[in-house]
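Undergrad: Below: one structure in structure tokens.
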């Protein structure tokens, strides 16, 4: 029984020390708490701390099974023989009963109860066990080193080149942890959304996020003043590529404010005076790497080319950042309407629009689900969990038709909803 309780001490210590909030631990350390400093020392070296706990649990468990089990079985077997069981059968039944009994005690008193109590009173228990456990971890250093080295050797036999103490969490597991933390309230939902988008963005190429060649607004290298002024007034872009001959021959880019500084000083505007060198990226480059490269070069715009060097699009820092944080509106931009009626039987809806708001606005009864609450989420669910491409037709269980109008590789932007025809009012004659 004492060994089982000792096992519980180690099991509870592991959970208690990990569960103490970092802010609370820092506060206790600032107050001069030696126990808090011991806990921080354990958390600063998690491999040694966890290995010490595991060694303690393993040694105690093996000792309890070997000595405690044998001792109880030897006492129980004669009792069973007195009840009429043959000696061989009595020994087997006694051993089986002891295994079940010791396992029950180990699970309840050695694991479940201590961990539950440690979780409820993590600070109190952590402060109580911190110093003794830190001392034990120092005593066990040679054993921990030997076992860790042995584990690394075995891992290398299986072709694993990482260390035993290195994290093996995949990006998907990290993303799941972030989403779970946001759901539980330990992480701000908006921060969780940004982190989740950042994980998803890691799988995207810059070619999937770029403004396509057909959408590029560019200036001719030898454009006259009137053409430049008209382009500035009509398009309103802050940066524009400059080409000579064709769009495949981009010679640089200009910033609108540089043009405005000289546009009305005279009728002659020389683009060469404000032309900046173009920066090129291949379309297969990862979006995150492209963002890092733009930051390193302190550039806001990159021209995207294919493997043959032909221009296929462009991307800006704003485009890449918006993939993580959502749309960023400038001072001159106004938010798009969440619901815009095209006709009595059709409406274009933003993917971010809440289903309840769409139902209220259009008089529909679109069903919400625990996995989604927006029109984008509904569209993805109807598409079987994949991001539907623009032009994809979808249908709800009630027969309502939807059409994806605009979508990127990672989210649905706008959806057209085909409304049921208006019902004739009662009393109308045929």
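The values are calculated or read from the model by the stated rules, or taken from the named source; none is laboratory data. None of these values were measured; they are calculated from a predicted model. Counting neighbours? That spans all protein chains shown, and the Cβs are built from the backbone with ideal geometry, glycine included.
Undergrad: From 281, 275, grab the single residue that is more than 32 Å from the chain's Cα centre (by Cα), surrounded by 16 or more Cβ atoms within 10 Å (Cβ to Cβ) and at pLDDT 75 or above. Break it down into steps so the answer makes sense when it comes.
TA: Details: 281 fails: more than 32 Å from the chain's Cα centre (by Cα).
None of the others qualify; the one that does is 275.
Undergrad: Under the condition of being in contact with a helix residue (DSSP H, G or I) (Cβ under 7 Å, 6 or more places away or on another chain) and part of a helix (DSSP H, G or I), which residue from the stretch 17-32 is surrounded by the most Cβ atoms within 10 Å (Cβ to Cβ)? Lay out the reasoning, then the answer.
TA: Initially, the stretch 17-32 is screened for residues in contact with a helix residue (DSSP H, G or I) (Cβ under 7 Å, 6 or more places away or on another chain), giving 17, 19-20, 24-25, 28-29.
Subset that is part of a helix (DSSP H, G or I): 17, 19, 24-25, 28-29.
Working: 17: 27, 19: 16, 24: 13, 25: 20, 28: 20, 29: 15.
The extreme case among them is 17.
Undergrad: If you check residue 6 against the conditions, is it touching a residue at least 12 places away in the same chain (Cβ under 8 Å), surrounded by 20 or more Cβ atoms within 10 Å (Cβ to Cβ) and not in a loop (DSSP other than H, G, I, E, B)? Show your work before the answer.
TA: Working: touching a residue at least 12 places away in the same chain (Cβ under 8 Å): yes; surrounded by 20 or more Cβ atoms within 10 Å (Cβ to Cβ): no; not in a loop (DSSP other than H, G, I, E, B): yes.
Considered against the rule, which asks whether it is touching a residue at least 12 places away in the same chain (Cβ under 8 Å), surrounded by 20 or more Cβ atoms within 10 Å (Cβ to Cβ) and not in a loop (DSSP other than H, G, I, E, B), residue 6 comes out as no.
Undergrad: Shifting gears a bit: If a residue must be farther than 30 Å from residue 198 by Cα, at pLDDT below 80 and either within 23 Å of the chain's Cα centre (by Cα) or part of a loop (DSSP other than H, G, I, E, B) (or both), how many such residues does the stretch 131-183 contain?
TA: Here the count works out to 2.
Undergrad: Further question on the same structure: Can residue 49 be described as farther than 16 Å from residue 122 by Cα, out of contact with any strand residue (DSSP E or B) (no Cβ under 9 Å at 6 or more places or on another chain) and either assigned to a helix (DSSP H, G or I) or not assigned by TED's automatic domain parsing to the domain that holds residue 132 (or both)?
TA: On the way: farther than 16 Å from residue 122 by Cα: yes; out of contact with any strand residue (DSSP E or B) (no Cβ under 9 Å at 6 or more places or on another chain): yes; either assigned to a helix (DSSP H, G or I) or not assigned by TED's automatic domain parsing to the domain that holds residue 132 (or both): yes.
Judged against the criteria, residue 49 is a match.
Undergrad: Within the set of pairs 6 or more residues apart or between chains, which connect a residue that is in the same structural domain as residue 282 (by TED's automatic domain parsing) and free of Cβ contacts under 8 Å to residues at least 12 places away in the same chain inside the stretch 239-261 to a residue that is crowded, with 20+ Cβ neighbours inside 10 Å and assigned to a strand (DSSP E or B) with Cβ atoms less than 9 Å apart?
TA: 246/311; 249/243; 249/311
Undergrad: What about residue 112, is it part of a helix (DSSP H, G or I) and within 17 Å of residue 127 (Cα to Cα)? I'd like the intermediate steps shown before the answer.
TA: Details: part of a helix (DSSP H, G or I): yes; within 17 Å of residue 127 (Cα to Cα): no.
Answer is no for this residue.
Undergrad: I would also like to ask the following. Restricting to the stretch 33-43, give me the number of residues that are in a helix (DSSP H, G or I) and closer than 12 Å to residue 123 by Cβ.
TA: From the stretch 33-43, those in a helix (DSSP H, G or I) are 34-43; that's our starting set.
Next cut, closer than 12 Å to residue 123 by Cβ only: 35-36, 39.
Selection size over the stretch 33-43: 3.
Undergrad: Considering only residues of the stretch 196-221 that are farther than 24 Å from residue 292 by Cβ and in contact with a helix residue (DSSP H, G or I) (Cβ under 8 Å, 6 or more places away or on another chain), which is surrounded by the most Cβ atoms within 10 Å (Cβ to Cβ)? Working first, answer last.
TA: Pass one, the stretch 196-221, residues farther than 24 Å from residue 292 by Cβ: 213-215, 217-221.
Of the ones still in play, those that are also in contact with a helix residue (DSSP H, G or I) (Cβ under 8 Å, 6 or more places away or on another chain) are 217, 219-221.
Details: 217: 14, 219: 21, 220: 14, 221: 16.
Taking the candidates together, the pick is 219.
Undergrad: Out of the residues in the stretch 291-305 that are farther than 18 Å from residue 252 by Cα and touching a helix residue (DSSP H, G or I) at 6+ places or on another chain (Cβ under 8 Å), which is surrounded by the fewest Cβ atoms within 10 Å (Cβ to Cβ)? Lay out the reasoning, then the answer.
TA: In the first step, residues of the stretch 291-305 are kept if they are farther than 18 Å from residue 252 by Cα; the result is 291-292, 295-296.
Filter once more, so that each one left must be touching a helix residue (DSSP H, G or I) at 6+ places or on another chain (Cβ under 8 Å): 291, 295.
On the way: 291: 21, 295: 11.
My answer is 295.
Undergrad: Quick test for you: out of 377, 391, pick the one residue that is modelled with pLDDT under 90, touching a strand residue (DSSP E or B) at 6+ places or on another chain (Cβ under 9 Å) and not in a strand (DSSP E or B). Give the derivation first.
TA: Details: 391 fails: modelled with pLDDT under 90.
Only one candidate qualifies: 377.
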